[in-house]
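*Asks:* The structure that follows is given in the form of structure tokens.
The values are calculated or read from the model by the stated rules, or taken from the named source; none is laboratory data. Note that this is a predicted model, so its numbers are computed, not measured. Using ideal geometry, Cβ is built from the backbone for each residue, glycine included, and neighbour counts are taken over all protein chains shown.
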Amino acid sequence: MRDVLDATPYDALLLLSFGGPEGPDDVIPFLENVTRGRGIPRERLKEVGEHYFLFGGVSPINDQNRALLDALRKDFADHGLDLPIYWGNRNWAPYLTDTLREMTADGHRRILVLATSAYASYSGCRQYRENLADSLAALEAEGLDLPKVDKLRHYFNHEGFLEPMIEGVVRSLADLPEDVRDGAHIAFSTHSIPTASADTSGPVEGHGEGGAYVRQHLEAAGLIADAVRERTGVDHPWQLVYQSRSGAPHIPWLEPDICDHLQTLHESGAPAVVIAPIGFVSDHMEVLYDLDTEAKAKAEELHLPMRRSATVGADPRFAAAVRDLILERAATERGERPTPCALGTLGASHNLCPVGCCPARAPRPAAAGVDSPYA
């Protein structure tokens, strides 16, 4: 008889993601949601919206989250984990507040949150926690009995997150022409953020140049590069690069930009490149546009053979990793001492974000942390 896995004290999982438009009429309202309070002119939003209109006004992220939900539900059912899964977004339907309201109405009292961001940063962690606090405040104002909400730890160094990307890089290298394959460089790409935000990412004791955001990405990239070397017998040069900058020109952001890096590779005589978007869980718009459109066009202009490896998406190994993270956190909450899966040297991330972790420019309440107003 199959063992029943114990997620006690948790009684539900919430997949929390960014959201995206699902048709042309959604694009500008979606971008208004994303940029609310930042004073960005509507004309600028229309310029950004052109990226979406190239793909029919549809971001792939919602369908990718549906696929991940299916993968998680199948994995849980196959392994005897009885834990219902819900889905809520920050910026588009299904909205987070509506989903938390539904979960509360369904009687769930201890909720675990899986955010579709593997690394520490304000936009990748604390902002999600602020959104959770906003939604809980809205439910409290409605007189509802609030559930306790916890967030799963960062999973950038979990084997189930890394293994699909390792295989993706190996496949992409194999797809290059044989005469340039062994000399190919690997560009590990992630979202650029302001350097000030990077420097204060993660716990206070680790603040400094690049902060936890850069350290964690370098750790993941190094682990993938080492595994690729073991499997191919070739030591490919690699670098962490950035994409999707969106801020004011006078504010320093993490560099080098992926297209600038492609230019540098070409000038240095690199014969080919594989771009591995390790900063993204799925192939959403910033992967499709910034890599598959802009970076691809730049590589073609330079006559630089390029392949883009796959993100993790709904890979069954990632679904298994989520199950592992749930059981680890549940055991910890029960007072047990599980052995966390964390490859490399940085170890497992904290379960509760400490005070001062990934601070916002203007302090706001954030749930699922040491300083949460909703204990």
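*Asks:* Please verify whether region 290-313 includes one or more residues that are in a loop (DSSP other than H, G, I, E, B), in contact with a Phe, Trp or Tyr (Cβ under 9 Å, 6 or more places away or on another chain), within 30 Å of residue 82 (Cβ to Cβ) and not aliphatic (A, V, I, L, M).
*Replies:* yes
*Asks:* Within region 86-106, identify whether any single residue is among the basic types (Lys, Arg), touching a Phe, Trp or Tyr at 6+ places or on another chain (Cβ under 8 Å) and surrounded by fewer than 20 Cβ atoms within 10 Å (Cβ to Cβ), and answer yes or no.
*Replies:* No, that holds for no residue.
*Asks:* Restrict the check to region 40-50 and report whether at least one residue is of a type in the set (Lys, Arg), assigned to a helix (DSSP H, G or I) and either in contact with a Pro (Cβ under 9 Å, 6 or more places away or on another chain) or at pLDDT 95 or above (or both).
*Replies:* No, because not a single residue in region 40-50 is of a type in the set (Lys, Arg), assigned to a helix (DSSP H, G or I) and either in contact with a Pro (Cβ under 9 Å, 6 or more places away or on another chain) or at pLDDT 95 or above (or both).
*Asks:* I would also like to ask the following. From the set of residues in region 193-213 that are in contact with a Leu (Cβ under 7 Å, 6 or more places away or on another chain) and crowded, with 22+ Cβ neighbours inside 10 Å, which is nearest to residue 276 (Cα to Cα)? Steps first, please.
*Replies:* Quick first cut of region 193-213, residues in contact with a Leu (Cβ under 7 Å, 6 or more places away or on another chain) only: 193, 195, 198.
Imposing the further condition that a residue be crowded, with 22+ Cβ neighbours inside 10 Å reduces the set to 193, 198.
Details: 193: 18, 198: 20 Å.
Among those residues, the one meeting the criterion is 193.
*Asks:* Please work out which residue is farthest from the chain's Cα centre (by Cα), limiting yourself to region 129-148 and to residues that are buried (at least 24 other Cβ atoms within 10 Å of the Cβ) and closer than 30 Å to residue 219 by Cα.
*Replies:* 132
*Asks:* Check off (1) in the same structural domain as residue 186 (by TED's automatic domain parsing); (2) under 30 Å from residue 205 (Cβ atoms); (3) surrounded by fewer than 19 Cβ atoms within 10 Å (Cβ to Cβ) for residue 350 and give me the number that stays unchecked.
*Replies:* Here residue 350 clears every test but (1).
*Asks:* Does residue 224 meet the test of being in contact with a Pro (Cβ under 9 Å, 6 or more places away or on another chain) and within 17 Å of residue 311 (Cβ to Cβ)?
*Replies:* When the stated conditions are applied, residue 224 does not pass them.
*Asks:* Restricting to region 1-19, and then to whatever is modelled with pLDDT of 95 or more and aliphatic (A, V, I, L, M), can you tell me which residue is farthest from residue 324 (Cα to Cα)?
*Replies:* 16
*Asks:* Residue check, residue 23 against (1) modelled with pLDDT under 95; (2) more than 19 Å from the chain's Cα centre (by Cα), all met but one. Which one?
*Replies:* (1)
*Asks:* Across region 209-231, what is the number of residues that are under 15 Å from residue 163 (Cα atoms) and either among the hydroxyl-bearing types (Ser, Thr, Tyr) or more than 15 Å from the chain's Cα centre (by Cα) (or both)?
*Replies:* Qualifying residue count for the region: 11.
*Asks:* Something else about it: I'm trying to understand the selection: among the residues of region 280-306, which are at pLDDT 95 or above, buried (at least 21 other Cβ atoms within 10 Å of the Cβ) and in contact with a helix residue (DSSP H, G or I) (Cβ under 9 Å, 6 or more places away or on another chain)?
*Replies:* Within region 280-306, 280, 281, 282, 290, 291, 295, 299, 306 qualify.
*Asks:* With the structure loaded, tell me whether residue 301 is without any contact (Cβ under 8 Å) to a residue 12 or more places away in the chain and more than 17 Å from the chain's Cα centre (by Cα) or whether it fails that test.
*Replies:* So residue 301 passes the test.
*Asks:* Where the second residue is of a type in the set (Lys, Arg) and not in a helix (DSSP H, G or I) and the first is farther than 22 Å from residue 162 by Cβ and in the same structural domain as residue 324 (by TED's automatic domain parsing) and lies in region 99-120, which pairs have Cβ atoms under 6 Å and are six or more apart or on separate chains?
*Replies:* Listed pairs, sorted by first residue: 110/148.
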